[in-house]
Amino acid sequence: MTMLLQSKCRADFRLTNWLQSLTGVSRKRFNSDGTTGIAPAAVRSSEKRLSDLRADFIKPFSQFLTDNFYRKHTYLRISLTEKCNLRCRYCMPEEGVTLTRNDLLLTKDEVVKLAKLFVDQGVDKIRLTGGEPLIRSDVVDIVQRLKQESGVKTIGITTNGILLVRKLEALRRAGLDQLNVSLDTLVPPKFEFISRQRGWDKVMNGIELALRLGFDPVKINCVVMKGFNDDEICDFVALTEKKNLDVRFIEYMPFDGNKWNRDKIFSYRDMLKSVEERWPQIVRIADKQNDTSKGYKIPEIGRASCRERV
């Protein structure tokens, strides 16, 4: 799961299971024959909730972007590259991965064309990802053209932060609205271990620059692994007290080549417990439509969220 913490004198975390949040039926309760094994009254209640969701559609919306739970998907992610300048242990094998030929990747014109198609169907937010999107030499031009030509309302980027100081001011001028930075530790030697590269100071300088440029908030994504950085959860939360940051804690997920095993999992319940032990006043906050994490608030500190492996 993911835990998110925000400044401005409040703190929240988020944890999600779409099926359960929309229908009230846990995915763990489904039987092999497709039945839920729950009381008819609960099923009727779930059906009513779905009926209410249908009624919430005030204006027509693309059927293409509406799922079986009648959720309207207005948020698109576009991967600009498979390349990355880090080799994070939970994400990529040390030797890297086989890359797609450049002539098969989306060009700048194709990115803009694709964005227009989705915006015409109802998308109003686009996030550029990778790999590491800031590696693309034309990333500033892409942001500028998306802002000027696609009609999208909000453009964000998720980055490891290594190149932020070099490119962020130009990206801001081009129209970048939101920024997510991946940062798994506040300890430089641990950063070098997990990413197999140096650069912790570059990431921290990039975050400080983003705050000065007025990104509100700067979002921090932190993958939590037992025995590695689970002892830093409260340190991340404390950052949100004086800085305009959202911290999002993410469960360690299995990928090919990342040597995943259950012993490394620090679950969202464990994350929540760690925060509750230090800040027992923590409270749950309401979910927004299509949230992918569950949010909690710590009065007078910040906000945090958690997202579960699915």
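Take the Cβ atoms of residue 216 and residue 253, set R0 to 22 Å, and the FRET efficiency comes out at 0.15. When the inverse distances between all different Cα atoms of region 178-223 are averaged and flipped, the Kirkwood radius reads 11.0 angstrom. Averaged over its residues, region 107-224 has an accessible area of 43 Å² per residue, based on protein heavy atoms and a 1.4 Å probe.
Taken along the Cα-to-beta-carbon direction at a fixed 7 Å, the label points for residue 106 and residue 124 span 2.1 nm. All other residues whose Cβ lies under 12 angstrom from that of residue 153 are scored, Lys and Arg at +1 and Asp and Glu at -1, for a net of 0. Simple spin-label estimate for residue 85 and residue 186 gives 2.5 nm between the two label positions (7 Å along the Cα-to-Cβ direction from each Cα). The calculated FRET efficiency for residue 234 paired with residue 77, based on their beta-carbon distance and R0 = 25 Å, is about 0.25. For the pair residue 270 and residue 65, label points projected 7 Å from Cα toward Cβ lie 3.8 nm apart. The Cα-based radius of gyration and maximum Cα-Cα distance (Dmax) for region 136-238 are 14.9, 47 Å.
The values are calculated or read from the model by the stated rules, or taken from the named source; none is laboratory data. None of the values given here were measured: they were computed from a predicted structure. Cβ coordinates were reconstructed from backbone atoms using ideal geometry, including for glycine residues, and neighbour counts include every protein chain displayed. Heads up: the accessible areas ignore ligands, DNA and RNA and are worked out on the full protein's heavy atoms, side chains in. Shrake-Rupley method; radii C 1.70, N 1.55, O 1.52, S 1.80 Å.
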